[in-house]
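Encoded as structure tokens, the structure appears first; notes follow it.
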Amino acid sequence: MDSCVSAAIARERHGASNIALLHAGYGQLTQDRERRAFTEIADFYGVQQRLVVQLDHFRAIGGSALTDKNIAVPENQLDATAAHGSSIPVTYVPFRNAHFLSVAVSWAEAIGAGAIYIGAVAEDSSGYPDCRPEYYRAFQNVIREGTRPETQIEIVTPVIELKKSEIIRRGVDLGAPLYLTWSCYQSEDAACGACDSCLLRLRAFAEAGVGDPLPYRQGVAAR
């Protein structure tokens, strides 16, 4: 959802013909469903320039409930996670966003793109360390030092300071296809409604006063 709205913002700023979309699968439990969401969103916007990569090493590395089947995805623990403050959830994929950004920078430099938009959210996320603004400021320096002298690529995090409910409202204003997005960490048919990502999404739609178009398991209601 955050990536979809970020794409809508990029399209508004740069024009529909100047957008290229990147999708990375990394062995996550819902990678097939997320790939479908990517394709449908790209089709919705008529984006021809697309890159799909598969980062299978994350499954071999493990250490996350999203990529390691021996680690259970926590359910109904969103408030408990927040109460612990600095604790990092088991759904955190170690240093994942650096891998995404590295692929994006390589592609951006190859095709001459001037900006990389990423839908990271700091305030209203699950507490992942690679969703903080300072993380992206540091990576901006890596780009400057590790690309051609003439290369100018800016990392843009258009929703990083927004609450999830504000992201939804921004998406609605832009006509973003939120109904094509997928947020669940562990289900690919109907969203579980119990993992952190589902709970954040349900709460955000309720706060935004907008109906969530995703199908959920029977009995799950907006919170």
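The values are calculated or read from the model by the stated rules, or taken from the named source; none is laboratory data. Since this is a predicted model, take the numbers as computed values, not measurements. Positions of Cβ are generated from backbone atoms using ideal geometry, with glycine treated the same way; all protein chains shown enter the neighbour counts. Note: accessible area is taken over every heavy atom of the protein model, side chains too, but ligands, DNA and RNA are not part of it. Shrake-Rupley method; radii C 1.70, N 1.55, O 1.52, S 1.80 Å.
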At 25 °C and a viscosity of 0.890 mPa s, what translational diffusion coefficient does Stokes-Einstein give for the stretch 166-206, taking Rh as the Kirkwood radius over Cα pairs? Give it in µm²/s as a whole number. 226
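Under the definition of Cα pairs under 8 Å and six or more residues apart, what whole-number percent is the relative contact order of the stretch 34-164? It would help to have the intermediate numbers written out before the result.
Details: 124 pairs, mean separation 28.8, N = 131.
Relative CO of the stretch 34-164 lands at 22 percent.
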At R0 = 25 Å, how high is the FRET efficiency between V52 and A110 if r is their beta carbon distance? Nearest 0.05 is fine. 0.95
Derived scalar couplings ³J(HN,Hα) [the stretch 174-187; Karplus, 6.51 cos²θ - 1.76 cosθ + 1.60; whole Hz; x for Gly, Pro]: 8, x, 5, x, 4, 5, 8, 7, 9, 10, 5, 7, 9, 10
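Working out 0.36 nm times the residue gap between E161 and S17, then minus their Cα-Cα distance, what length gain in nm do you get to one decimal? Before the final figure, lay out the partial values.
Numbers: separation 144, 0.36 × 144 = 51.84 nm, distance 2.72 nm.
Working it through step by step, the gained length comes to 49.1 nm.
Order 2-9, 59-66 from most to least packed using the mean count of other Cβ atoms within 10 Å.
Listed from highest to lowest mean packing, they are 2-9, 59-66.
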Accessible area of the stretch 28-136 belonging to carbon and sulfur atoms, whole % at 1.4 Å probe: 51
The long-range amide H neighbours of F95, using H built 1.01 Å from N in the peptide plane and a cut-off of under 5 Å, are none
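For N70 and V210 in one chain, what is 0.36 nm times their gap in residues minus the Cα-Cα distance, to one decimal in nm?
46.8 nm
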Report, in cubic angstrom per residue, the convex hull volume of the C-alpha atoms of the chain. 119
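Using 0.36 nm times the number of residues separating D43 and E134, minus their current alpha carbon distance, what extension gain do you get?
Numbers: separation 91, 0.36 × 91 = 32.76 nm, distance 3.31 nm.
Value of the extension gain: 29.5 nm.
Given a Förster radius of 25 Å and the C-beta distance between A190 and R35 as r, what FRET efficiency does 1/(1 + (r/R0)^6) yield to the nearest 0.05? Don't skip to the answer; put the middle values down first.
Working: r = 18 Å, r/R0 = 0.71.
It comes out at approximately 0.90.
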Where the convex hull is taken over the Cα atoms of the stretch 19-145, what is its projected area averaged over directions, in nm²? 8.9
Length-normalised contact order of the chain, Cα under 8 Å, at least 6 apart, in percent, tallies to 24
